[in-house]
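The values are calculated or read from the model by the stated rules, or taken from the named source; none is laboratory data. Owing to the predicted nature of the structure, the values given are computational and were not obtained by experimental measurement. Note that each Cβ is placed from the backbone with ideal geometry, even for glycine, and that neighbours are counted across all protein chains shown.
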Amino acid sequence: MTPLPHLRQIGRELFVESLAVYWGLLKIMVPVMVLVEAGTRIGLVEMLSDLCEPVMAFVGLPAETAIVLATNLVVGLYAAGAVLVSIQGDVSLTIGNMTVLAGMMLFAHALPVEVTIVKKAGCSLLVSLLTRLGAAFLYGWLLHLIYRGMDGFNEPATILIAAGTDNGDGSWISWIQSSAIGLFWIYWVLLFLIVFLRILKETGVTDFLTRMLTPVLRLIGIGPNAAPLAMVGILLGLSFGGALILREIQKAGLNPKSIFLSMVFMGFCHSLIEDTLIAIAFGGHWSGVFVGRIVVAILLILPISYCILKMPDRIFHSLLFKANKDIPDQKTEK
């Protein structure tokens, strides 16, 4: 196949994929946006903001961002983006604010779906929830302290997904018009993400990152069989990595402690490529949503890994790991 037809075929594939993904997102985002706007007009969002103000103040965020964080925890990043579009005209957000918020969102999002995957692998659902929520608020607090101490990132955030939107005259018609503009720009952000991920894959960057980071996973107690699978989750998402690990569990090829550590670490640090780009589109700074996230995830997993590897198997299995009875004994990995 000559280069030009090949490029055309790739272009068609990316266009079809982007439309399919975008349509799926619209089915999530539009209802969320309508509910948030309705809640704002009748005062529910303001009530939630008042209730959550002490919690958000702990990480230096405006109370209004509580609805964004709550949506992110339950539904996920894209739905949170829809809420962010809805409220961005009513609250002033700095780069520091958005880096703190986006950093917290990356540590803990779509928890009902993602902790279910973790539970299927045998790991404690409660531990998964506590570690991810704890990591999110710890990271938000640390970033807040750093930015306050250096008095930096005080410039207004550029929220790409809200480009071209404004509040208009406050009517529903005006809201629909501004929201439609926001959704229009979200498609192009999404298309960029899909194209960028394809470029990384085709140029071998994804494979290179996998080879580079796999030894790091082994050093923190994730065994050689689990490390490459966990790496898929770290780069592309917990659903991808979790599915591969679940499949490997069926083959009885993974040690339970490797499974547990893989799942905990993927909870802290997964989908480094796509989610990072989304966080930057939300207005977060790359240093906080990428570099800082990786550093803190490693610092958090090190003491957890030490404790798990030293923990007697009896205690580990009674408190933290409940293997599926239908899965063969999982002790082949060294």
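A few points about this structure:
- Restricting Leu19, Leu26, Leu69, Leu61 to those that are out of contact with any Lys or Arg (no Cβ under 9 Å at 6 or more places or on another chain) and at pLDDT below 80 reduces the list to Leu26.
- Boolean, Ala79 is under 30 Å from Trp23 (Cα atoms), touching a Lys or Arg at 6+ places or on another chain (Cβ under 6 Å), surrounded by 20 or more Cβ atoms within 10 Å (Cβ to Cβ) and hydrophobic (A, V, I, L, M, F, W, C): no
- Test set (1) at negative phi; (2) modelled with pLDDT of 70 or more - Gly204 fails condition number: (1)
- Residue check, Ile117 within 23 Å of Ser305 (Cβ to Cβ) and touching a residue at least 40 places away in the same chain (Cβ under 8 Å): yes
- Index of the failed condition, Gly60 passing every other in (1) closer than 25 Å to Trp188 by Cα; (2) not basic (Lys, Arg); (3) not in a helix (DSSP H, G or I): (1)
- The number of residues in segment 84-98 being farther than 20 Å from Phe137 by Cα and in a helix (DSSP H, G or I) comes to 3.
- If you go through segment 139-159 and pick out every residue that is in contact (Cβ under 8 Å) with a residue 40 or more places away in the chain, assigned to a helix (DSSP H, G or I) and farther than 22 Å from Ile87 by Cα, you end up with 6.
- Qualifying residue in segment 33-43 (condition: touching a residue at least 60 places away in the same chain (Cβ under 8 Å) and among the hydrophobic types (A, V, I, L, M, F, W, C)): yes
- Considering segment 130-160, the residues that are under 19 Å from the mean Cα position of the chain (by Cα) and among the β-branched types (Val, Ile, Thr) include one that is modelled with the lowest pLDDT, namely Ile159.
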